1. Using only C-alpha positions, report the orientation-averaged shadow area of the convex hull of the stretch 82-215, nm², one decimal.
2. Could you please state, rounded to a whole Å, how far the C-alpha centre of the stretch 122-150 is from the C-alpha centre of the stretch 216-253?
3. Using Cα pairs closer than 8 Å and at least 6 residues apart in sequence, work out the relative contact order for the stretch 190-308, in percent.
4. Measure off 7 Å from each Cα along the Cα-to-Cβ vector at Arg125 and Ile9, then give the distance between these two points in nanometres to one decimal.
5. Under the 0.36 nm per residue contour assumption, what length would be gained going from the current alpha-carbon distance of Arg180 and Lys209 to full extension?
6. Give me the compactness ratio for the chain, meaning the Cα radius of gyration over 2.2 N^0.38 Å.
7. Taking the Cβ-Cβ separation of Gln315 and Ile74 as r and a Förster radius of 30 Å, what is the calculated FRET efficiency to the nearest 0.05?
8. Please report Cys310, Cys58 as a ranked list, fewest other C-beta atoms within 10 angstrom at the top and most at the bottom.
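We did not get these values from a lab; they are worked out from the coordinates using the rules stated. Predicted, not measured: the structure shown is a model, and the values here were computed from it. Every residue, glycine as well, gets a Cβ built from its backbone with ideal geometry; the counts of neighbours run over all protein chains shown.
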Amino acid sequence: MVIKGEALIREGQHVLANTYARYPILLVRGKGAQVWDSNGREYLDFVAGIAVCNLGHCHPKVVQALEEQARQLIHCSNLYYNGPQVELARRLCEHSFGERVFFCNSGAEATEAAIKLARKYSKARYGPERYQIITMENSFHGRTMGALSATGQERFHKGFEPLLPGFTYCPFDDIEAVTRAIGAQTCAVMVEPIQGEGGIILPAPNYLKELRELCDQTGILLIYDEVQVGMGRTGRLFAYEHYATPPHIMTLAKSLANGVPIGALVATDMVAQAFVPGDHATTFGGNPLATAVGCCVIDTLVEDGILTNCEEMGQYLLQGLLDLKERYAFIKAVRGKGLMIGCELEFEGKKIVERCMEKGVLINCTAGKVLRFIPPLIITKGEIDYLLKCLDEVFAEQ
Ligand SMILES: *Cc1c(COP(=O)(O)O)cnc(C)c1O
């Protein structure tokens with residue numbers, strides 16, 4: 001099929017809502033860490049759908065799971081059970097602190113579910129005034145009104161006020177600030193174990209542990225947003241494993257089904273019990289197509305040595321970027337865990353992203369000045385070498 005890329009891009013500028021500053025290429029195909037545009041141009045993909053395609057594009061096992069389930073049953077209402085939904089919930093619980101799972105369709109929806117569950121649990125247990133949630137400055141939890149209100153960045157709020165009441169923002173990685181912010185109305189603390197959109201910010205090693213202790217002293221729920229860092233991105237299935245501190249509630253989405261829309265809230269049984277029939281629902285949540293792929297993703301991640309590759313290639317890329325930092329004074333910092341790596345520049349990263357794209361490498365920039373590298377976890381040394389060579393050339397032009 002001939003795809004008229006330029007014409008579709010021009011049409012898209014008129015028929016699509018103007019919510020993204022899109023680059024003028026149209027992607028038509030992907031395999032592993034590569035994607036192709038409508039002109040047949042090949043790109044190495046260090047964006048991976050923004051940490052979505054962790055197994056790479058069109059992984060054969062994912063394609064097979066999709067095909068098989070599409071022939072069997074694509075959707076049925078949550079008025080009935082379906083097998084893949086139970087299978088995925090079991091796998092998530094087996095591999096985490098969790099005991100019950102609620103399925104939805106995106107990260108923002110998982111955040112909404114977490115807000116509702118934390119409020120319901122805390123109000124029932126401690127009284128109706130206990131509804132406030134502490135979240136962090138520079139955080140990102142999604143774009144729906146509740147998730148937007150949880151997000152501690154004013155630039156996302158502007159133009160959409162009034163926000164949902166009941167959120168207090170604290171500086172990230174500052175345990176004293178949270179201690180001061182906790183009051184009789186506090187029901188939960190919500191935090192990304194590593195901040196993603198905020199610029200790949202890692203907390204001190206004991207931060208999550210201290211947060212958990214603080215929460216336990218006061219019966220407050222600890223919620224981790226693992227939408228970006230979960231599902232192997234940092235070299236462990238869940239990022240909190242690095243810090244040996246489980247939460248009461250965890251949200252997942254992005255790579256949970258490698259690109260098929262899905263979100264999940266994972267919780268301890270005690271907390272999850274606060275939801276009873278009628279409290280929360282979504283038509284598509286946990287549908288057999290998405291959850292069958294989710295099962296395939298977890299099995300593949302844990303069985304095929306992908307987490308080990310993530311850890312090793314993450315080290316390799318981090319070191320390569322640190323070597324570049326030695327040579328280019330405008331690189332302020334290089335940091336990350338597994339294959340979630342940020343390279344902070346002294347200037348806006350947009351033109352670096354554009355030059356890399358011209359050279360056939362897709363990278364992303366977040367928080368203005370942080371180049372973000374979140375490739376598929378199956379990335380190879382040769383592919384990383386290509387990125388590093390390309391970055392070296394582009395940096396040399398600056
Ligand atoms: C992407 C993201 C979300 C929002 O997910 P959507 O599926 O876009 O709604 C929430 N939290 C974090 C940490 C994210 O990275």
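1. So the mean shadow area of the Cα hull is 9.4 nm².
2. 16
3. 22
4. With each label placed 7 Å out from Cα toward Cβ, I get 5.3 nm.
5. 8.7 nm
6. 0.98
7. Efficiency, from the Cβ-Cβ distance: 0.15.
8. Listed from fewest to most nearby Cβ atoms, that is Cys58, Cys310.
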